[in-house]
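To start, the structure itself, in structure tokens.
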Amino acid sequence: MAVEGEKTVCVNRRARHDYFIEETFEAGLVLKGSEVKSLRDGKANLKDSYARVQKGEAHLLNTHISPYPAANQFNHEPTRTRKLLLHKKEIERLTGKTKERGLTLIPLRLYFKDGVAKVELGLARGKKLFDKRETLKRRAAQREVERSLKSRT
């Protein structure tokens with residue numbers, strides 16, 4: 001997942017538990033200086049955050065980036081809406097996909113790539129309760145198989 005030159009800031013662990021990720025996109029973020037400093041310190045949280053396409057622009061909502069202590073009066077609002085940088089064709093494609101029933105844009109992780117803040121977005125379909133149980137059963141069975149293979153060698 002992480003490539004050389006990338007530094008992951010935070011990961012949305014609940015996303016793969018609550019959603020089927022059908023496709024992923026990489027988008028840049030429009031940030032203020034204090035937000036970048038706070039991200040470099042790893043002070044971000046993607047819980048309950050999502051992305052939305054409105055009026056031909058993509059925005060990241062409910063992402064919490066903690067205020068940077070040294071910024072004083074020039075600090076940012078922690079959960080403000082942040083603009084996402086995507087190509088026009090990507091935005092049009094996402095608009096069409098999110099209009100489809102049950103699909104939503106979920107941020108999977110925040111990271112720095114060559115010094116630039118990026119967010120990995122997942123085009124996701126919500127899981128039902130029985131889907132979540134099935135996933136947990138499958139993982140437990142896989143762990144059991146790996147344990148038995150390990151003890152055999």
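Every number here is computed from the coordinates shown, using simple stated rules; none is lab data. Only a predicted model underlies this, so the values are computations on that prediction, with no experimental measurement involved. Backbone-built Cβ (ideal geometry, glycine too); neighbour counts: all protein chains shown.
Quick one: compute the contact order of the chain, relative version, from alpha carbon pairs under 8 angstrom and 6+ residues apart, as a percent.
Details: 257 pairs, mean separation 48.5, N = 153.
Once normalised by length, the contact order is 32 percent.
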Residues SER151, SER49, SER66, SER38 arranged by fewest to most Cβ contacts within 10 Å: SER151, SER66, SER49, SER38
Ranking of GLU57, GLU90 by count of other Cβ atoms within 10 Å, fewest first: GLU57, GLU90
Choice from LEU31, LEU123, LEU84 with maximal GNM fluctuation in the chain (Cα, 10 Å cutoff): LEU31
Segment 6-29-segment 31-58 distance, computed between alpha-carbon centres (Å): 13 Å
Order of VAL30, VAL53, VAL36, VAL119 - criterion: other Cβ atoms within 10 Å of each residue's Cβ, fewest first: VAL30, VAL36, VAL53, VAL119
Set LYS99/LYS127; LYS37/LYS118; LYS55/LYS88 screened for pairs whose C-alpha atoms are more than 22 Å apart: none
